[in-house]
Each structure stands twice: as structure tokens, then as C-alpha cells.
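Input: a single structure, listed below in C-alpha cells.
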Protein chains: 2
Amino acid sequence: VSYRDLTAHMRRISSLSHVSAIVGWDEAVMMPTGGGEARAQAMSTLDGQIHAMATDPRVGDWLQAAKREPLTPEQQANLREIERGYRRATALPQDLVEAISSAQLRCQQAWRSQRADNDWAGHEPLLEEVFRLKREEASALSERFGIARYDALMDSFEPGMQSARVDVLFSALEQTLPSLIEQVIARQARETLYKPQGPFETAAQRDLGMRLMASIGFDFEHGRLDTSHHPFCGGVPDDVRITTRYNEHDFTESLMGVLHETGHAKYEQHLPSDFRDQPVGMARSMGVHESQSLFQEMQICRGRPFMEFATPMVREAFATHAVAQPLAFTPENLTRLYTRVERGFIRVDADEVTYPLHVALRYRVEKAVIEGQAEVADIPELWHEHMQRALALSTAGNFKDGCMQDVHWPSGAVGYFPSYTLGALIAAQLFEAVHTALPELNAQIARGEFEPLNAWLDTRVWSKGSLLSTDALIESATGHALGTDAFLRHVKRRYLA
Amino acid sequence: VSYRDLTAHMRRISSLSHVSAIVGWDEAVMMPTGGGEARAQAMSTLDGQIHAMATDPRVGDWLQAAKREPLTPEQQANLREIERGYRRATALPQDLVEAISSAQLRCQQAWRSQRADNDWAGHEPLLEEVFRLKREEASALSERFGIARYDALMDSFEPGMQSARVDVLFSALEQTLPSLIEQVIARQARETLYKPQGPFETAAQRDLGMRLMASIGFDFEHGRLDTSHHPFCGGVPDDVRITTRYNEHDFTESLMGVLHETGHAKYEQHLPSDFRDQPVGMARSMGVHESQSLFQEMQICRGRPFMEFATPMVREAFATHAVAQPLAFTPENLTRLYTRVERGFIRVDADEVTYPLHVALRYRVEKAVIEGQAEVADIPELWHEHMQRALALSTAGNFKDGCMQDVHWPSGAVGYFPSYTLGALIAAQLFEAVHTALPELNAQIARGEFEPLNAWLDTRVWSKGSLLSTDALIESATGHALGTDAFLRHVKRRYLA
């Protein structure tokens, strides 16, 4: 009966979180600017309500009592996830939670204009306050859970992950990728690229995106595609809201962005419906979530078989352009465009080969600050050094394309960055595993048959929700522990074979 | 300090109501069908949370203590409104509230297909259950507040209104309108009408609607126009969401619908910002709300001066049609189209002259059922008799165009119908008053100068929120008590002069 009371309480929390997700989507996609102030007030009240329910002392009592009840393995896993959430939610004093929330809001709002103005001097004190409070949070969590301070922050995105393991994985990439990048760039310098010339109407881009979304398995009965300044995947599993933005001069950006978010969306749409409103029914971790979008985008959609399938639709969508520019609208040329490797400043524009170096840099820097080996004032210099070493680029004095480019730190998301690259590693392992399981996969993709692939992912990943730990999920789905081998093999196969 | 605690509590309720309004809008406008089940669960949890806060016993304690504190007149009015809401919210036992909510939901869901199937036999037991529970509600409220049972229901839409007064007003209309309608129809039979022939593209209709919305004072910084199956005005004062639907064969329907909802929206957007999140800052009543949409639509936008202003924009929006059909796109013809009077079955399609008879019929029937003078089983026969008398139309056996046409009863909104006609009466009084105050009004409207008109409404109505009672608001704005004279003068002036 305690388990029943507990899950009823979780269901109420899930309902209010549902409402919060939809209203958050609305704010980014629909809300007129003048609605912002009242909305901020409304959302903070709602989030406070959710926090109060999540830290309700009865949850602790129910948890203790439920452990003595006869439960199925799924229910036990749910109990484990509820306890994890409860322990984290109650670990921090309320005044620290509020101080963090208000420091983040201030820093993030200032960041928008400060980044545009390259104004590190103005930004530094605000960011320092955020990191000061995140250090406090890390210390409190570290004491409570007996894990290292940085790990305690990372744990909210990657349950159970340790920086000792991230160090090993990222070091392998940092040692291997720079020379691979050099080889790939030298090789690609000999290729001829035809960049499609626009303009490409937004409506045609949108229709093409939706057609491809439907082809690869997005369920439009349970989701939508809309437009927002920063693309994201929001909503709830029964109603997934993905967004994109359109550039009339380049359809390729939005198209791949839509396919990336569709990877996130398919994961959400296929989470176990039996546990829809319970913690065990939610996505496993941010790394696993990112693995699904990167699997879709990097492993599947940027590959030649997918381009064989998609090019006729692209040509149909932009028929006049395709006729006038025949060399640009071929599977071969589009594949080349979509697998171009370049050393650049900006993480979100980076290709899959240089991307891990952008992530490793951020991981090194944020970890050093949280652990007290560096201060916020040292960040620009550390950034510059890492960029020099990793990609031979200088960010001296260039803050906006350097340490001020991401919203993560201003918004308090310290410990998130590793998830991107953990996701890329998982995606590469899944890709090797599914190729073994489905030897005809490439031919199927080229024909637009995505059901076998989706069924495999559903069984191995999506339908598992949070039943397994991340490590157990990866091992059971791919037969291997998390590592860098599959990813490095993928890079060599795609770019240097 | 009790007043402060009380208003802080109201602010939290207002925040959650804000979220509820936006999510409700999303459900009607954005949500894919598959999201419905999870959404219903989420919204009912949120509404339960709001109800729990509204009936929190501390509210009663704060109210008593706050009455002894020194307060401004506005704060006293706020206290009055808070107390009114608290007394109503706590008047009903929780199990009755839940029984009503679930009976309404069942009846309303069944109604959609039952109406289409003309299935009164299937509908009757469900509607009987709704009315049975509404009778219980009416009895409980009647005892608590010492007012008649029907009045107790009407009070939630029209605070302080009594059926004794409604009887007098509606009797005057029922006695006068039928012969006026006959005269108008005879007179209009001699007019030549040119119906604009489409198709009219949705995008062009939408652009025209938005252009006219902006002209008459809708603030797009604090609101949006979207599409939904049933047009409505939702959202919150800082972010008003109005909707319409488009018919490609007839642009006039959506256009006037948009202007009607804009009337609602302008009221919301101009409610007193000092009391944004307090009961005294909210719209006075549904009748006053309806007066603002009807003032905009009926008094202003269907009049000849507005058509002088709008016709050039209409011609621009549908340029090819306007050139090909010159007689259809004149101010004179459009005014005639928009003031056509016809005896019809359907309330929502009715013109302003026959509309009060549709409303009076519903009022007579629902009042008789609530007061126990009739049963749900009698409704079809009562409907038929009233329609015969009022509009010389038979609804024998025709339930879908008769007593099953409205969603109000299936959804439990018993006591709402009078608000439509009270709104029409108020609108006519406002129109006479503003004409006295602004003798140049017609010329201003024809030139598209709406600022003087909007400023007058803002001062007299919008900025008052719920500071005054409805009666005091009408008297102070128009110089007269609520009555039928101005409305009947308007009908004679517009249709028979």
C-alpha cells in the first residue's frame, strides 16, 4: 500500500511536470514577448510546487515502508529511481536552491548581450557567483553521497558516472583524434563540393523535414514540429514537441537538425507506456538521450545509404534548384557536404570528428573549477591553451567564440558537457551492434525501410526506460562496456577508408 | 499582514491558473490527438491543486483578520472578491464537485457524436445525470447564500444577478422582438445582396484579420491569433490567445469572428495591471465580458462607418475577387451582408436581432429544470414550443438543430446563457453613451481612428476590473441602469430607420 501511495504521488508530480513541459515549450515557441514577465512568475510558482511535492517527507516514509513490500523487479527498479530522485531533491538546503536559481537566471539573462559584446569583464563576476554556488552544491552532494564533488554534479545528468572513467575515455580521444583530423582534412581537400544555392522557401524545407521525420518513424499523432530560435526536443512522451529554425540560404542545417531532434523524439515516444508517469519509465540519462539523437543523425542520416533514400525527396522539395544545379543534388555530393570535417571555434557547428575535443576541453575546465584547481578568472586562458593544443586555434581575447559561446555555464548546467560525447560513443557502439543483428541494414536504409532498425532500438533501448543502469543498458544492447573503440573505428571507416 | 499573506496566496493561485489557461489553449490549438489522455490527467491534477489552494482553510482565517486591517478601497474590493470566491469554492462537498466534474466529462464527450447522430435517446440519461447533480449543487449553494436555486448557479457567471430581473428584461425582448423581426425581414427582402464568391485563401484571410485586429487595438506584444475548431478567447491578460477557423468559401465568417474575439481580448489586455494577479483585477462577469465582444462586433464592426474603413483592406486582401466582383466588395453590400436578419435554428449562427430569443428560450428551459418545474425528458417538447412561438420554427424530432446544439448543458454550464443577452444589452447602452461622449465617433471609425473609443472604454470599463459591482459599473459607465431600451433603439435605428 505504501508503494501504491508512493506511485500515486509520483503520478501527481508527473502531471505537474507535464504541464511545466508544455508551458516551457510554449514560452520558447509561441509566447509573445510581452508575456514573459507573468510567465516567469507562473512557471517559478509551478516549479516550486513540484519541488515541494518532490521533497514531501511522506515520500521518505513511503520509500522505507515500500521496501518491505513484495514487488516485481520493475517496481523495485522504480523504487530505486524514486529514492535516487528523493535523495537528490532533499540533499540541498532550500536557501541554496533558491540562491542558485536566482544567480543562474541573472547570469543567463546577462550572458545574451554580454556574449554578443564579447564582454568577459562584465560576465566574469556573474559567472563567478554561479560557480561559487555550484561548488557549494557540489560539496553538499559530495558529503551526502560520498562521491567526488564534480561527480556529484555530473550525476544529475549521468547517474553513476565517475570522472575517473570519463578521464580515461576522453584522454583516449584527445590523444587519437588530432592526428585523425589532420588526415581527414588532407583527404577531403581533394574532394570537389557543390554547395546548393538558394533561396530555399521555409515552407518547402518544413514539408521536407516532416516527410523525412515520418519516414524514419516520428509519430505525428504524438508530437509536432515547430520553429524556435534554439532547436530543442520538449513536451512529454505522449506529445513530443521538437523545434528547428530555418535558414533560407541553406536547407541542410535545418534538415539535419530536424533529424537529430527526431532521434530524441523517437526515444521519448517509445519509453515504456506501462510506467509512463513513474521515474522508471523516463529516459535513462542525458548521455543515453544524446546517443539516440546522434545515432539518428550521425550514424544513420549522414551516411551514404540514407542519402540514397533522401536525395530524391530533397530534389522534389527544391525541384527548380535541383534541375539548375544537378551536381549539387546528388547522394554523393550531399553525403560529402554532411561529412565535412573542419577545425572551428564553435561547438554547435562542429562535425562529429572534432566535436569530442570541444567537449573534452569544457569537461577539463569545469572540473578544474569545481574541484578548486582553477578559478573562473583562469577560464579564458585555459580555454585558449586547450584550443591551441586540440584544434590549433587561438581564442586569445575572443571570448564570444571561446569560453562565452555556450549557455550551459551561465545557466548552471555544470557537469552536463560529458553527456554529448558519452552519447556519441554509445551511438557508435549501437551502430556496430545493429549492423551485426541486421546485416541488410544499409540496403534497408537506402530503400527507406526503417522498421527493423526502429524495432531493434525499441527492444534494446527505448522500451527499457530507466529499468537498467546506463552501464547495464549499454552492455545488454551492444555486448560491450562503454568505450571509445567503436567510435574510433566509425571515424576511420567513414572518413579514412 | 493577513491581507499581505492572503494576496500572496492569491498570487500563487493566479500563477497556477495562468499555467492552466495556457495548457488549455494548447490542448485546443496545438495538441496532437494522441496527447489527449495524458493531458486530461495532467490538467485534472493541476485543477485539483488549484482547488485545494482555493479552499485552504487559512484563506478563511486571513479573510477575517484582514477585515480588521486598514485597507484602501481597492484592497477592500479585492477582499470582497476573494471572500466571494472562497465562499463559493467551499460551499460544495468535495464528492459532489468530483461527481459533477466526471458526469460533465462523460456527457460532453458522448454529446459530440450523439449530436451528430441526432441521438436524443442516448443523450437523455447522461444529461439527466448532469442536471440531477446541478440541482444538488443549486440546492447547496441556495442554502448557503440564501438565494434562489437557479440564481445560485447563474451567480458564478453573473455575480449578484437575479432571475426576477432577467425575467423582466427577457420578457420585454420576447414581447417586442418577434414583430420587429417580421418587419426587418420584410424590409430586407427588397434589398439586393451580392455574396462574394471564393475561394479565399486562408493565409490572406488570416493576414486581413490580423491587420484589422491591430487597427482596432489588439496588442500583438501581448497576444496571438491562431486556429482552432471552436473559436475562443483564452490565455491570460499579458498573453491573450484568440482563435478562429477559416472557411475558404466565405471570408466573412472568420473575419467577424476574429473581431468579436478581439473585443474579448482588448478587455483582458486592459484589465488593471496593478491587480494583475488578484481577483479584483479580473473581468467583472461573463455578461460584461460578452458586452465587450458584442460592442466590438455588433455595435462597431457590423456598422456602416467601420465598413467604410475596412472595405479597402478587404479589397486589397482579395484583390482579384474584388476586381471581378465589384458589386460585392462595397461598404454598402458588406454592411448589408453583415446585418442580414433571418429566422434560424442555430444560436451561434444567429444575427443580433433574433439572438436574444434563442437565449431566452434556453434560459426558460434550464431554469424550469433546475427549479423542478420540468424534467430533462421534457426539454425537446419545451424547446419545440418556444421555437414555434419565438421564431415560427419546428424542432419536432430535430434534436441536433434543437436542444442538442449547444455544448453548455452537456458540459455543466447551466446558468450561463443569460450572459449573452445581458452582454448585448450592456453593449447597446455603452454605444449610446460613447456616442454622446464622442460626437465625432462615426467619422473617427470611418477613418480608422479607434484611440478615442478605446480610451473611453478603458476608463469606463476595462481598467475597472472587478472594482465595482456589475450594476454600479453599468450605471457609472452609461448613466443608466441595465435595461432593454438602448438595445431596442439600436435595433430600430440600424434595421428599420
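The values are calculated or read from the model by the stated rules, or taken from the named source; none is laboratory data. Keep in mind it's a predicted model, so treat the numbers as computed, not measured. Neighbour counts are summed over all protein chains in view; Cβ atoms, including those assigned to glycine, are modelled from backbone coordinates with ideal geometry. Please note that ligands, DNA and RNA were not included when accessible areas were found on the heavy atoms of the full protein model with its side chains. Shrake-Rupley method; radii C 1.70, N 1.55, O 1.52, S 1.80 Å.
Quick notes
- Among residues that are surrounded by fewer than 17 Cβ atoms within 10 Å (Cβ to Cβ) and either out of contact with any Ser or Thr (no Cβ under 6 Å at 6 or more places or on another chain) or not in a loop (DSSP other than H, G, I, E, B) (or both), A:S419 is not included.
- Residue list for region B:27-50, filter: touching a helix residue (DSSP H, G or I) at 6+ places or on another chain (Cβ under 7 Å) and either open to solvent by less than 50 Å² (accessible area, probe 1.4 Å) or in contact (Cβ under 8 Å) with a residue 40 or more places away in the chain (or both): B:M31, B:P32, B:G34, B:G35, B:A38, B:R39, B:A42, B:M43, B:T45, B:L46, B:Q49, B:I50
- Of all residues in region A:26-44, those that are part of a helix (DSSP H, G or I), closer than 25 Å to B:G36 by Cα and at the interface with chain B (Cβ under 8 Å from one of its Cβ atoms) total 4.
- Residue match in region A:49-63 (condition: within 14 Å of chain B (Cβ to nearest Cβ) and part of a loop (DSSP other than H, G, I, E, B)): yes
- Residue that is within 11 Å of another protein chain (Cβ to nearest Cβ) and not basic (K, R), where the choices are B:A66, B:A89, B:A21: B:A21
- Total residues in region A:128-168, condition of a type outside the set (S, T, N, Q), closer than 20 Å to A:Y355 by Cβ and either part of a loop (DSSP other than H, G, I, E, B) or touching a helix residue (DSSP H, G or I) at 6+ places or on another chain (Cβ under 7 Å) (or both): 5
- Some residue of region B:8-16 being away from chain A (no Cβ under 14 Å), among the hydrophobic types (A, V, I, L, M, F, W, C) and crowded, with 18+ Cβ neighbours inside 10 Å: no
- Selection within region B:180-203 - hydroxyl-bearing (S, T, Y) and out of contact with any helix residue (DSSP H, G or I) (no Cβ under 8 Å at 6 or more places or on another chain): B:T192, B:T202
- Whichever residue in region B:294-321 is closer than 20 Å to B:K195 by Cα and either among the aromatic types (F, W, Y) or at pLDDT below 95 (or both) and, among such residues, is nearest to the chain's Cα centre (by Cα): B:F306
- Screening A:V258 against (1) open to solvent by 30 Å² or more (accessible area, probe 1.4 Å); (2) under 19 Å from A:D26 (Cα atoms) leaves a single unmet condition, (1).
- Of everything in region A:369-396 that is out of contact with any Phe, Trp or Tyr (no Cβ under 9 Å at 6 or more places or on another chain) and open to solvent by less than 50 Å² (accessible area, probe 1.4 Å), the residue that is farthest from A:P356 (Cα to Cα) is A:G372.
- Residue check for B:R112: open to solvent by 40 Å² or more (accessible area, probe 1.4 Å) and at pLDDT below 95: yes
- When region A:411-451 is limited to residues that are in contact with a Pro (Cβ under 6 Å, 6 or more places away or on another chain) and β-branched (V, I, T), the one that is farthest from A:H289 (Cα to Cα) turns out to be A:I445.
- Filter pass, B:T339 being of a type in the set (S, T, N, Q), within 30 Å of B:A204 (Cα to Cα) and open to solvent by 30 Å² or more (accessible area, probe 1.4 Å): no
- Cβ pairs under 6 Å, 6+ apart, first in region B:1-26 and among the hydroxyl-bearing types (S, T, Y), second crowded, with 22+ Cβ neighbours inside 10 Å and assigned to a helix (DSSP H, G or I): B:S2/B:W62; B:S2/B:A66; B:Y3/B:A66; B:S15/A:A42; B:S20/B:L46
- Qualifying residue in region B:237-256 (condition: away from chain A (no Cβ under 14 Å), under 15 Å from the mean Cα position of the chain (by Cα), in a helix (DSSP H, G or I) and closer than 23 Å to B:V288 by Cα): yes
- Per-region count, region A:172-212, residues of a type in the set (S, T, Y) and surrounded by 15 or more Cβ atoms within 10 Å (Cβ to Cβ): 3
- Yes/no for B:T55 being over 19 Å from B:S156 (Cβ atoms) and among the hydroxyl-bearing types (S, T, Y): no
- The residues in region B:205-236 that are within 13 Å of chain A (Cβ to nearest Cβ) and in contact with a His (Cβ under 7 Å, 6 or more places away or on another chain) can be counted, and the count is 1.
- The sole residue among B:A424, B:A377, B:A396 that is touching a His at 6+ places or on another chain (Cβ under 8 Å) and either over 26 Å from B:E136 (Cβ atoms) or aliphatic (A, V, I, L, M) (or both) is B:A396.
- Selection within region A:237-267 - within 15 Å of A:A204 (Cα to Cα) and among the hydroxyl-bearing types (S, T, Y): A:T244, A:Y246, A:T252, A:S254
- Count of residues meeting criterion [open to solvent by less than 30 Å² (accessible area, probe 1.4 Å) and among the charged types (D, E, K, R)] in region A:397-416: 1
- Of everything in region A:243-255 that is open to solvent by 40 Å² or more (accessible area, probe 1.4 Å) and among the charged types (D, E, K, R), the residue that is nearest to A:V59 (Cα to Cα) is A:R245.
- A:T421 more than 21 Å from the chain's Cα centre (by Cα) and at pLDDT 95 or above: no
- Any hit, region A:445-452, residues being within 25 Å of A:A283 (Cα to Cα) and open to solvent by 20 Å² or more (accessible area, probe 1.4 Å): yes
- Every residue from region A:183-235 that is part of a loop (DSSP other than H, G, I, E, B) and without any contact (Cβ under 8 Å) to a residue 60 or more places away in the chain: A:A189, A:R190, A:T192, A:P199, A:E201, A:F218, A:D219, A:P231
- Complete set of residues in region B:85-104 that are open to solvent by 40 Å² or more (accessible area, probe 1.4 Å), touching a residue at least 40 places away in the same chain (Cβ under 8 Å) and not in a helix (DSSP H, G or I): B:P93
- Taken over region A:268-284, residues that are open to solvent by less than 20 Å² (accessible area, probe 1.4 Å), closer than 17 Å to B:G35 by Cβ and in a helix (DSSP H, G or I) amount to 1.
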